[in-house]
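The values are calculated or read from the model by the stated rules, or taken from the named source; none is laboratory data. Everything numeric in this text was worked out from a predicted model, so none of it was measured. Cβ atoms come from the backbone with ideal geometry, glycine included; neighbour counts cover every protein chain shown.
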Amino acid sequence: MCRRWNLKKLDKDRFKAALSWSGFEPDVEDRTDIQRMITWLDRVMQEACDVTARIGLKKTRRQAYWWQDSVATLQNECIHARRLWQRAKKRRRRQQEEIDELGAAYKLKRKDLRTEIARLKSLAWQELISSIDEDPWGLPYRLVLRKLKAATSSLTELLDPEVLSELLDSLFPRSNRPDPMTDWSDFVWSNNWTVYPGEVSKVIRERTASSTKAPGPDGYVLTLWKQAPSKILDWIRHIFNECLINGVFPSAWKRANLVLIPKGSKPGAPEGRLPKVRPICLLDEIGKAFERIIAERILQWQDIHPDSRLAANQFGFTRGRSTCDALLLVKEITSRAIKIDGGFAFVITLDIRNAFNSIPWPVICRALRRKGFSTYICRILDSYLCDRVIRYIGQNGRRYERAMEAGVPQGSVLGPILWNISYDDILSIDSDDDNSNIICYADNTLIVVTVEPVTQIIDASVDQPVVPVGSQQLWVRLDRIQSVESEGQGSRDATPSPGPPMK
């Protein structure tokens, strides 16, 4: 069922009143039943949305852009003249001359009305054109864009079923080995791990939200949850706590609507049978709010426990670090090698194919335990990384579901954090060679080699990260080698010939 609401027409006061009235006390006998509580919360939110912002069949009529009071006056006069003429034709005692006079009067009024409308349309058109100089992104721009931007189907609806199936197999690989569930029978809960009211308010009310952002399967955008009264937030906190106590990440929050966004091909790259796309998973906002709480707990744990922190050369999705910092480090390494030593600097890029969607779940869980994260964090993430489902619409308009058996969803909150933790082993490789450096931004990996002999050092430096990456069941391709020569000689490419990816 497709849920749609007109959020522009949302009556916030009425919406809050509806939530306060129906959300005061859940009609659920066992309030430790997570699934029933989530179903109740979903029903309360849906009823409040239906009351205040439901999209119905009746559409509000908009006034014509050229309408003015003079048109209304002439329209009334025209209607009055037409009625007099029509009534005269129905009466037998009326003379033909009188009927003709009334008909002529009506036609004259109609002509005056049409003339006035044409004049006002022309005047409005001139005003529209003149407004371009004042505001080039105003109404004229929006009108043209609306005409040019035709409604299109999603990419999954346009692709041939066989091509789509092959594409999804490449984007969401099947797991060859079963994922063994960890035995948590000896787990003991501590009240120190409880979710507090301030945490829920931070991840819902204090976050910026857009009403135009695509929602998850439940249809609720963050704008709606931000309007929820304190009583609803208390019940949300209760659900979050039950999830942590029981170590269960609800299945409703592990469903995702799949959106395929086309990616541009690299210049000179051969066109394959499968289109290059970026798979985005649209998740429920309330589930993402729970992810934000878990993510904040992970970051707090890393602040307190240094052994769980990421390597200093990881710059992607990390607080206090950015792409600019990574570029400055590369520049510093290469400049030092060229200006001080008068040598070369080679930059080798490793392309990890379909990185986020391919990392096996057991690899992530092992990395969490190896870094010593708290048991309740590992326990809830163990549930997070199982029984995930993506949904999409096929060529025939039917909705399909597909199990996700590896990787972290692109579009989730925890995805980048879990990727960094699992990939951190590659960046923490101990090397006796001070002249080779590994720098990473998420899955984009650079190996910087700064001394001779070149060939032996490159081979050894590439083997260091490639071997453990292969052990994590990820596919690696040597994408490009860029050499930076001695000062004044510039740089040159040493792109390797295409070959099979290394695993």
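General remarks:
- Here residue 435 qualifies as surrounded by fewer than 19 Cβ atoms within 10 Å (Cβ to Cβ) and at pLDDT 60 or above.
- Evaluating residue 225 against the criteria (1) in contact (Cβ under 8 Å) with a residue 60 or more places away in the chain; (2) loosely packed, with under 15 Cβ neighbours inside 10 Å; (3) not β-branched (Val, Ile, Thr) leaves one unmet condition, (2).
- Candidate set: segment 81-124, residues that are touching a residue at least 24 places away in the same chain (Cβ under 8 Å) and among the acidic types (Asp, Glu); chosen: the one surrounded by the fewest Cβ atoms within 10 Å (Cβ to Cβ): 112
- Close pairs (6 angstrom Cβ cut-off, 6 or more residues apart or separate chains): under 17 Å from residue 235 (Cβ atoms) in segment 43-58, modelled with pLDDT of 85 or more and assigned to a helix (DSSP H, G or I) anywhere: 48/15; 48/18; 48/19
- Selection from segment 303-350 of residues that are closer than 30 Å to residue 372 by Cα and β-branched (Val, Ile, Thr): 304, 318, 323
- Among the residues of segment 391-413, those identified as within 27 Å of residue 441 (Cα to Cα) and in contact with a Phe, Trp or Tyr (Cβ under 7 Å, 6 or more places away or on another chain) are 404, 406, 407, 408, 410.
- Only one of the listed residues (398, 391, 402, 370) is surrounded by fewer than 22 Cβ atoms within 10 Å (Cβ to Cβ), over 16 Å from residue 291 (Cα atoms), modelled with pLDDT under 90 and not β-branched (Val, Ile, Thr). That residue is 398.
- Cβ-Cβ under 8 Å pairs, at least 6 apart or on other chains, segment 24-35 side within 12 Å of residue 248 (Cα to Cα) and in contact (Cβ under 8 Å) with a residue 40 or more places away in the chain, far side of a type in the set (A, V, I, L, M) and part of a loop (DSSP other than H, G, I, E, B): 34/248
- For segment 396-426, the set of residues classified as charged (D, E, K, R) and in contact with a helix residue (DSSP H, G or I) (Cβ under 9 Å, 6 or more places away or on another chain) consists of 402, 405, 424, 425, listed by residue number.
- Of the listed requirements (1) modelled with pLDDT under 85; (2) outside any helix (DSSP H, G or I); (3) surrounded by 11 or more Cβ atoms within 10 Å (Cβ to Cβ); (4) not aromatic (Phe, Trp, Tyr), residue 173 misses just one: (1).
- Pairs with Cβ under 6 Å, 6+ apart, first in segment 184-206 and within 14 Å of residue 293 (Cβ to Cβ) and polar (S, T, N, Q), second surrounded by 10 or more Cβ atoms within 10 Å (Cβ to Cβ) and at pLDDT 95 or above: 194/241
- Any hit, segment 4-11, residues being among the hydrophobic types (A, V, I, L, M, F, W, C), in contact (Cβ under 8 Å) with a residue 24 or more places away in the chain and part of a loop (DSSP other than H, G, I, E, B): yes
To keep it simple, each residue is scored yes or no on (1) in a strand (DSSP E or B); (2) hydrophobic (A, V, I, L, M, F, W, C).
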| residue | (1), (2) |
| --- | --- |
| 338 | no, yes |
| 357 | no, no |
| 363 | no, yes |
| 380 | no, yes |
| 390 | yes, yes |
| 412 | no, no |
| 416 | no, no |
| 434 | no, no |
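- Subset of segment 295-321 (residues that are surrounded by 13 or more Cβ atoms within 10 Å (Cβ to Cβ) and not in a helix (DSSP H, G or I)): 305, 309, 310, 311, 313, 314, 315, 316, 317, 318, 321
- Hits in segment 206-259 (condition: closer than 21 Å to residue 25 by Cα and of a type in the set (D, E, K, R)): 226, 231, 234, 237, 242
- Counting the residues of segment 298-315 that are touching a residue at least 40 places away in the same chain (Cβ under 8 Å) and touching a Ser or Thr at 6+ places or on another chain (Cβ under 8 Å) gives 4.
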